[in-house]
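The values are calculated or read from the model by the stated rules, or taken from the named source; none is laboratory data. On a predicted model such as this, the values are computed, not experimentally measured, just so you know. Cβ placement follows ideal geometry from the backbone for every residue including glycine, while neighbour counts extend to all protein chains displayed. Ligands, DNA and RNA are excluded from the accessible area calculation, which covers all protein heavy atoms including side chains. Shrake-Rupley method; radii C 1.70, N 1.55, O 1.52, S 1.80 Å.
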Amino acid sequence: MELADAAEQEARTISSRLTSSHKALRAAGRYAGGLVPFGYRKAPHPSGSGWSLAPDSETAALVGVIVADVHAGLSLIEIAPGLNEAGVPAPRDRHAQLQGRPMGGRRHGRDFERFRWTSGTLSKVLRSPSLMGHRTHGGQTVRDTSGAPVLIGEPLLSDEEFHALQEALLARSNGTRRPRRGTTALLTGIAHCAGCGGRMYFATRKGYVYGVYVCRATARGDVCPAPAAMRSDWLEAYTVNRFREATGMDAERSVSRSTLLESGVRVTVGKGRSGGGPSRLAGPDTSRLTFAFPHVHMGYGN
Ligand SMILES: [Zn+2]
């Protein structure tokens with residue numbers, strides 16, 4: 001009974017929010033050009049002249065997924081690679097797609113076939129009041145003479161949802177939601193098992209000074225046809241060296257997990273054969289390893 005009441009109340013709230021936003025839209029703001037905020041597309045203004053913004057059926061739902069990831073405790077650095085892997089167009093690319101123009105372009109003096117999501121891109125998207133349908137300028141809500149936000153599209157998030165998101169983002173950047181910071185193994189989210197494609201996780205081994213990265217399919221409740229494992233020191237050295245080669249980054253500078261994640265580095269480890277003899281002690285069997293790097297220029301060279 002109470003639940004039904006709550007659901008009904010919620011439905012009323014949503015419908016009154018939508019009604020009032022439709023009203024406001026009809027009365028007010030037009031989209032005047034510029035980068036269409038992620039999650040939206042251009043749509044004819046309800047008045048019949050000019051443009052407003054409407055939820056983009058291809059990307060609006062993704063905003064909800066990303067917000068859920070933030071509330072689940074994932075950092076933006078962890079969310080960005082997933083979007084790239086899934087082929088989700090970055091805001092500039094989606095904007096180009098919607099305009100019927102090719103994706104990619106020139107940035108920092110280099111040409112890209114398409115742009116990549118980074119924690120910076122995500123931060124801009126998630127902190128923009130355009131998620132509430134507001135017209136923004138310099139990332140801030142534009143207000144009318146009475147102080148009310150100028151709406152140029154239907155809200156993708158309610159005011160409450162947007163503010164809860166800002167709190168979650170703030171909590172993360174203060175580090176208060178990151179109790180395990182500094183203990184996350186270097187290649188978490190970067191090393192993947194060739195057998196199942198899943199992430200590999202760092203584990204210590206009793207009686208060994210070094211740890212291992214292992215396939216954790218069983219922990220996910222999956223069965224991996226060829227679960228991989230590799231010494232952590234070998235896999236880390238291999239990855240860092242390949243990254244330095246690929247970027248021209250000098251050997252003095254340390255490579256952090258966030259740098260690797262931001263750069264879209266992915267290392268895949270195939271299952272080793274058992275046994276193997278003395279060669280197994282010399283270093284990693286690199287024939288088991290695949291290093292993928294999307295060649296985004298990060299400016300690490302000197
Ligand atoms: Zn596996």
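Tabulated results
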read-out	value
Integer Hz, Karplus 6.51/-1.76/1.60 couplings in order for the range 223-229, x for Gly and Pro	10, 9, x, 8, x, 9, 8
Distribution of pairwise C-alpha distances over the range 85-124, 10 Å bins, in %	30, 57, 13
For residue 160, solvent-accessible area (1.4 Å; no DNA, RNA or ligand), Å²	130 Å²
Nonlocal amide H pairs with residue 51, under 5 Å, H built at 1.01 Å	31, 45
Accessible-area ranking of 116, 107, largest first, probe 1.4 Å	107, 116
Size of electric dipole in the range 191-292: Cβ of Lys, Arg +1 and of Asp, Glu -1, about Cα centre, debye, nearest 20	420 debye
Euclidean distance of C-alpha centroids, the range 249-269 and the range 68-89, integer Å	18 Å
Isotropically averaged projected area of the range 36-150, using the convex hull of Cα atoms (one quarter of hull area), nm²	8.8 nm²
Relative packing of 32-38, 195-201, which averages over residues the other C-beta atoms within 10 Å, highest first	195-201, 32-38
Ranked by how many other beta carbons lie within 10 Å on average, peptides 285-293, 62-70, 98-106 from highest	62-70, 285-293, 98-106
In nm, spacing of pseudo-spin labels at residue 288 and residue 168 (7 Å Cα→C-beta vector)	3.8 nm
Whole-Hz couplings from phi, Karplus 6.51/-1.76/1.60, listed for the range 59-73; x for Gly and Pro	10, 4, 5, 5, 4, x, 5, 5, 4, 4, 4, 5, 5, 6, x
Hull shadow area, averaged, the range 191-292 [alpha-carbon convex hull, nm²]	7.3 nm²
Net lengthening on full extension, residue 205/residue 106 (0.36 nm per residue, minus Cα-Cα)	30.9 nm
Extension reserve of the residue 60-residue 85 stretch, reckoned as 0.36 nm per residue once the Cα distance is removed	7.2 nm
Accessible-area ranking of 128, 254, largest first, probe 1.4 Å	254, 128
Residue-by-residue Karplus 3J(HN,Hα) for the range 192-203, coefficients 6.51, -1.76, 1.60, Hz, glycine and proline x	10, 7, 5, x, 10, x, x, 5, 9, 10, 6, 9
Accessible heavy-atom area order of 271, 42, highest first, probe of 1.4 Å	271, 42
Extension gain from residue 158 to residue 143, taking 0.36 nm per residue of separation minus the Cα-Cα distance	3.7 nm
Nonlocal amide H pairs with residue 41, under 5 Å, H built at 1.01 Å	54, 56
